[in-house]
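The next block holds one structure in the form of structure tokens; read it before the comments.
The values are calculated or read from the model by the stated rules, or taken from the named source; none is laboratory data. Fair warning: this is a prediction, and the values are worked out from it, not measured in the lab. Backbone-built Cβ (ideal geometry, glycine too); neighbour counts: all protein chains shown. Please note that ligands, DNA and RNA were not included when accessible areas were found on the heavy atoms of the full protein model with its side chains. Shrake-Rupley method; radii C 1.70, N 1.55, O 1.52, S 1.80 Å.
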Amino acid sequence: MNVTWEGPGRDGTGWEELSPYAGRCRLPGWDCTAGLVVGEDAALMIDAGSSVREGARLRTRAHGLLGGGRVTHLALTHPHFDHVFGAAAFAGAEVFAAVGAELVLGEGREELLADAVRNGANPGEAAEAADLLVRPRHLVSGEWTLDLGGGLQVLLANVGPGHTGHDLAVLVTGPGSPEIVFCGDLVEESGEPQAGPDAVPSRWPAALDRLLALGGEDALYVPGHGAVVDAAFVRAQREALARRFDVP
């Protein structure tokens, strides 16, 4: 499917083109990335925003690009509120996450709600999102390949733990374009990587090694927050994390 990307924007209304079939938004508030990958037969959204309202806005903008089509798949890179609280807006989509994320999105939803409010989310919107939170149907323990049609394949890879215990990366491979790796918050460009209580610092550098092995030297690496980076940036952040946490 030919997509005319609308141009970059940090207010959630524009798409930054990464390739003819992949783009991303930088959403307001926490500067989170949401990605969209469009094949001939299916469309994949990567992360869903920080509220049901934000997810609905993402869905509407995506459907506009798809010319009446819809988002058929949703990949959640990790179970933090700013990336998953919009998932309920994507009714009917097949939802994927790293194995174990379903427990956080089920039994751990009260902690997700508390974390959202601590970080400045609207309490009413956060409570609504927590109540409607979608648990993933498809759990990735190793790798899972999606064929979106037209020669476009997407590899979902459980590369964690690191930023959380359940980190999923998305590798986009298609004709005539460099590979694209959506990293979730394993990589952050707009600030220092955040290590909360659910982080696994001792294994974070190894997760970045796996990211680099997936994408290679020429890939575009799309962080969970901030501008698109290259392999050298990811490697430098890996070394910084190793020094910070005193791990090899």
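With the structure loaded, tell me whether Glu16 is at pLDDT below 95, outside any loop (DSSP other than H, G, I, E, B) and among the charged types (D, E, K, R) or whether it fails that test. Answer is yes for this residue. Among the conditions (1) surrounded by fewer than 22 Cβ atoms within 10 Å (Cβ to Cβ); (2) out of contact with any Leu (no Cβ under 6 Å at 6 or more places or on another chain), Val104 misses just one, which is (1). Tell me whether region 118-130 contains one or more residues that are in contact with a strand residue (DSSP E or B) (Cβ under 9 Å, 6 or more places away or on another chain), open to solvent by less than 40 Å² (accessible area, probe 1.4 Å) and modelled with pLDDT of 95 or more. Taking every residue of region 118-130 in turn, none turns out to be in contact with a strand residue (DSSP E or B) (Cβ under 9 Å, 6 or more places away or on another chain), open to solvent by less than 40 Å² (accessible area, probe 1.4 Å) and modelled with pLDDT of 95 or more. For region 76-85, the count of residues that are in contact with a Phe, Trp or Tyr (Cβ under 7 Å, 6 or more places away or on another chain), polar (S, T, N, Q) and under 20 Å from Leu148 (Cα atoms) is at least one. Of the set (1) surrounded by fewer than 24 Cβ atoms within 10 Å (Cβ to Cβ); (2) of a type in the set (Val, Ile, Thr); (3) in a loop (DSSP other than H, G, I, E, B), all apply to Val95 but (3). In region 232-248, the residues that are in contact (Cβ under 8 Å) with a residue 24 or more places away in the chain reach residues that are open to solvent by 90 Å² or more (accessible area, probe 1.4 Å) and not in a helix (DSSP H, G or I) with C-beta atoms within less than 8 angstrom, at least six apart or across chains, in these pairs: Ala242/Pro248.
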